[in-house]
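Please read the structure below before turning to the comments.
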Amino acid sequence: MVCSGAARNGFKGLMDELGDIVAVMVGVAVDGPYSYRVPAGMQVVRGSVVMVPLGPRSTLGVVWGAPKDKVAHNRLKDITRAYDVPPLSDELLRLIDWVSRYTLAAPGMVLRAALRSHEALEPEKPVTAYRTTGTIPERMTGARERVLDVVMDGMAWAKPALVGASGVSPSVIEGLVKVGALEQVSLPPPPVVQAPDPDFRPMVLNAEQQAGLDQFRAMAEGFGVALLDGVTGGGKTEVFFEAVADTLRAGKQAVILLPEIALTHTFLERFTKRFGVRPAEWHSDMTPVQRARVWRGVMSGQVRAVVGARSALFLPFHELGLLVLDEEHDGAFKQSDGVNYHARDMAVVRANLAGAKVILSSATPSVESRNNANLGKYTHIRLESRFADAQMPDIRSIDMRAEGPEKGQWIAPELAREIFATLDRGEQVLLFLNRRGYAPMTLCRACGHQYQCPDCASWLVEHRFRGVLMCHHCGHEMKKPESCGQCGAAESLVPIGPGIERIAEEAAERFPDARRVVLSSDMGSNAQIRDRFSEIERGEYDLIIGTQLVAKGHHFEKLTLVGVLDADLGLAHGDPRAAEKTYQILTQVAGRAGRAAKSGRAYLQTYHPDHPVMQAMMRDDSEAFYAHELEVREQGGLPPFGRLAALIISANEHEVAFGFARRLLAAAPMAEGVKLFGPADAPVSMVRGRHRVRLLVQSPKDFDLSGYVRFWLQAGEKVTGNLRVQVDIDPMSFY
Ligand code: ADP
Ligand code: ZN
């Protein structure tokens with residue numbers, strides 16, 4: 001295996017190029033690196049992690065290279081410290097520059113995603129261990145004897161291990177040290193994870209999977225992207241695991257990015273089964289210490305495979321050979337606060353810089369990725385049938401205009417009959433509604449008052465389990481009032497429309513004997529949600545009522561019926577990706593049905609059974625969907641045939657935001673093929689007391705939209721006071 005020493009040597013060549021003044025990028029929102037002096041005796045190269053003074057304090061930074069402009073030597077400050085860790089790779093530095101240029105985020109802000117706290121850079125503390133000295137204590141006790149029996153092997157035992165093996169209290173061990181029977185030694189800290197074994201338990205792939213893997217293996221050396229496009233339950237995971245194994249065998253590192261890693265154990269367990277050890281993880285549910293250890297392990301080359309959330313993209317790999325994005329279409333890959341990057345696109349950028357491969361895996365690829373596969377830019381690997389005997393679910397629609405539920409109910413009669421039949425067979429049912437809470441709106445029957453968030457342009461959503469009305473934009477909540485806050489009428493408040501809690505209420509009435517569980521992201525901690533998933537897998541529930549949280553990726557063997565209560569929910573928005581997103585979520589949720597031996601069925605309750613999305617769903621014809629959607633996009637000049645950028649201008653007063661947006665529009669540079677829309681109030685026109693006004697820019701496909709927007713903003717009026725301009729290149733959501 002290649003280890004850190006080799007990676008370090010790769011940078012030797014750069015050593016001499018830097019003089020005694022260097023440019024250091026610091027992790028703050030400034031435009032570029034600052035110059036610092038390298039004190040005598042300190043050696044730094046491009047990528048060295050350093051501590052530098054910045055204003056009154058010290059901050060972490062990374063040596064970016066030679067300074068751009070000459071600054072008088074005596075006006076510069078010294079680098080305070082160079083950390084004893086391998087320099088960040090040139091590839092990672094270039095990725096940071098790239099992401100910054102593309103998203104218009106300050107490079108220092110992007111750098112923050114790649115750097116950990118300064119604690120993470122300190123060498124890890126050695127572990128204290130104990131070893132026999134050969135001396136026998138004068139006073140021997142039973143407990144002492146047990147300890148000495150254990151250390152007879154001559155090995156150094158860490159305290160917890162020794163306590164565990166001998167069953168004594170720690171004070172016995174300390175006593176033995178005092179009398180000279182044990183000596184204390186320092187051991188290097190254990191690795192954060194063991195190395196995964198590519199040959200631990202390879203799956204025997206079926207013919208279709210094997211053909212897919214062969215296609216991947218046949219790709220040219222170096223950079224390349226494969227779209228692993230296979231039906232839900234097609235066995236995509238097993239295929240990309242083999243690609244990971246190839247990567248490990250070749251002495252390279254691999255990273256698998258998952259959209260919602262903190263919420264499931266299953267994937268980690270599958271990895272463990274395949275490779276014999278747990279992968280290193282990377283997500284927000286880890287402690288800073290765990291993260292620091294993984295970060296260091298990746299950097300030193302000790303960690304060979306990481307399974308993580310989108311930010312794992314910025315880990316300091318030196319030998320990256322493969323990036324896998326599972327569920328590549330998932331919106332969670334787009335970061336929408338701070339640096340607005342899309343992990344899928346930036347993974348391709350990083351792979352390109354590293355000469356690595358990318359596998360984008362999905363049953364419902366993004367329209368962009370499908371287009372790239374159609375054009376031959378991506379290797380298109382297809383898995384068209386489910387693994388083993390599993391069949392694709394049978395999908396039907398229920399026309400809500402003619403066959404809808406009775407008044408006061410949300411489950412149509414036909415779906416209800418199916419639910420009974422499925423429960424009778426001892427199989428599981430999933431009722432899907434992508435809306436948290438009890439009801440999306442609360443209305444006073446007496447005066448018509450509708451409860452709204454005081455700080456956002458949005459209705460307060462009733463959460464009946466918790467007895468509150470809550471804003472889903474800012475989290476503001478109030479106790480659900482007894483009487484109308486406007487007219488004072490008692491018991492006049494009525495819920496309008498359903499959320500999953502309301503479906504759960506109906507289910508409790510109509511299917512009282514079914515063991516039911518309600519699941520959405522607000523139903524407890526990540527650990528609690530993971531427990532619910534395990535219980536569902538073990539068949540401890542019959543009826544699952546959930547949001548998109550349940551729709552993705554899970555493999556519930558007993559689940560054979562899926563009821564989508566409002567298949568139209570995503571279609572209503574003025575979002576150019578509405579059809580795509582709806583198709584994806586419906587396919588994913590329907591794909592939970594019948595993944596094992598028993599065949600599955602899905603019902604879509606819809607007011608638009610003729611909509612192309614519903615039609616493609618029912619005919620199980622993804623080709624028709626992509627063909628239609630690509631045509632619509634091409635006609636509209638929308639991605640991937642054109643490009644979009646959104647500018648959200650916000651301020652405490654509407655007039656300030658709107659006025660600024662109007663002047664900004666007037667100052668927009670002319671460019672061929674560029675169209676500007678707005679200003680208009682954003683669909684959610686106020687969040688947290690800030691009014692939001694939107695400008696949209698549409699450009700041809702091969703246009704440098706980031707460069708255009710940067711030029712525009714730099715030339716335009718200064719952003720002052722409480723004004724804020726947020727730039728979103730390639731926006732995924734349009735709220
Ligand atoms: P996808 O990711 O395409 O939805 P999975 O990889 O989860 O599909 O596979 C579906 C099921 O089939 C899983 O339970 C998986 O373990 C099983 N499976 C897939 N391929 C194989 C194989 N070659 N050998 C044994 N089991 C497999
Ligand atoms: Zn709010």
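The values are calculated or read from the model by the stated rules, or taken from the named source; none is laboratory data. All of these numbers come straight from a predicted model, not from anything done at the bench. Positions of Cβ are backbone-derived with ideal geometry, glycine not excepted, and every protein chain shown enters the neighbour counts. SASA here: full protein model, heavy atoms, side chains in, ligands and nucleic acids out. Shrake-Rupley method; radii C 1.70, N 1.55, O 1.52, S 1.80 Å.
A few comments on the model shown:
- Candidates ARG81, ARG57: the one that is within 16 Å of VAL38 (Cβ to Cβ), in the same structural domain as PRO39 (by TED's automatic domain parsing) and open to solvent by 30 Å² or more (accessible area, probe 1.4 Å) is ARG81.
- Any hit, the stretch 582-595, residues being surrounded by fewer than 21 Cβ atoms within 10 Å (Cβ to Cβ), more than 16 Å from ligand 2 (Cβ to nearest atom) and in contact (Cβ under 8 Å) with a residue 40 or more places away in the chain: no
- Condition met for LEU228 (modelled with pLDDT under 95, out of contact with any Cys (no Cβ under 7 Å at 6 or more places or on another chain) and more than 16 Å from ligand 2 (Cβ to nearest atom)): no
- Among (1) under 24 Å from GLY376 (Cβ atoms); (2) more than 14 Å from ligand 1 (Cβ to nearest atom); (3) among the acidic types (Asp, Glu), the one test that ASP229 misses: (2)
- Residue count, the stretch 603-629 (criterion: open to solvent by less than 10 Å² (accessible area, probe 1.4 Å) and without any contact (Cβ under 8 Å) to a residue 40 or more places away in the chain): 1
- Complete set of residues in the stretch 630-657 that are assigned to a helix (DSSP H, G or I) and open to solvent by 40 Å² or more (accessible area, probe 1.4 Å): GLU631, VAL632, GLU634, GLN635, HIS654, GLU655, VAL656
- Selection status of PHE432, modelled with pLDDT under 95, within 31 Å of the chain's Cα centre (by Cα) and closer than 30 Å to GLU418 by Cβ: no
- Hits in the stretch 272-306 - residues which are within 16 Å of ligand 1 (Cβ to nearest atom) and farther than 20 Å from PRO190 by Cβ: LYS273, ARG274
- Among the residues of the stretch 215-226, those that are more than 16 Å from ligand 1 (Cβ to nearest atom) and open to solvent by less than 40 Å² (accessible area, probe 1.4 Å) comprise MET219, GLY222, GLY224, VAL225.
- Any hit, the stretch 255-266, residues being within 11 Å of ligand 1 (Cβ to nearest atom) and either open to solvent by 10 Å² or more (accessible area, probe 1.4 Å) or of a type outside the set (S, T, N, Q) (or both): yes
- Single residue of ILE503, ILE529, ILE536, ILE545 found to be touching a Leu at 6+ places or on another chain (Cβ under 6 Å), surrounded by 16 or more Cβ atoms within 10 Å (Cβ to Cβ) and under 23 Å from ASP326 (Cα atoms): ILE529
- One residue alone among ALA616, ALA646, ALA651, ALA661 is over 15 Å from ASN371 (Cα atoms) and under 26 Å from the mean Cα position of the chain (by Cα), and that residue is ALA646.
- Among the candidates GLY154, GLY234, the residue that is closer than 30 Å to ASN374 by Cβ and of a type outside the set (Phe, Trp, Tyr) is uniquely GLY234.
- Among the residues making up the stretch 233-251, those that are of a type outside the set (Gly, Ala, Ser) and either near ligand 1 (Cβ under 10 Å from one of its atoms) or in contact with a helix residue (DSSP H, G or I) (Cβ under 9 Å, 6 or more places away or on another chain) (or both) are LYS236, THR237, GLU238, VAL239, PHE240, PHE241, GLU242, VAL244, ASP246, LEU248.
- For LEU430, the requirement of being of a type in the set (A, V, I, L, M, F, W, C) and touching a helix residue (DSSP H, G or I) at 6+ places or on another chain (Cβ under 8 Å) is met.
- Listed conditions (1) crowded, with 23+ Cβ neighbours inside 10 Å; (2) under 19 Å from the mean Cα position of the chain (by Cα); (3) closer than 28 Å to LYS581 by Cα are all met by LYS357, apart from (2).
- Residue within the stretch 488-496 that is touching a residue at least 12 places away in the same chain (Cβ under 8 Å) and under 22 Å from GLY546 (Cα atoms) present: yes
- Residue among GLY600, GLY673 that is touching a residue at least 12 places away in the same chain (Cβ under 8 Å) and within 30 Å of ARG724 (Cα to Cα): GLY673
- Qualifying residue in the stretch 388-397 (condition: within 28 Å of the chain's Cα centre (by Cα), open to solvent by 40 Å² or more (accessible area, probe 1.4 Å), under 21 Å from ARG601 (Cα atoms) and of a type in the set (A, V, I, L, M, F, W, C)): yes
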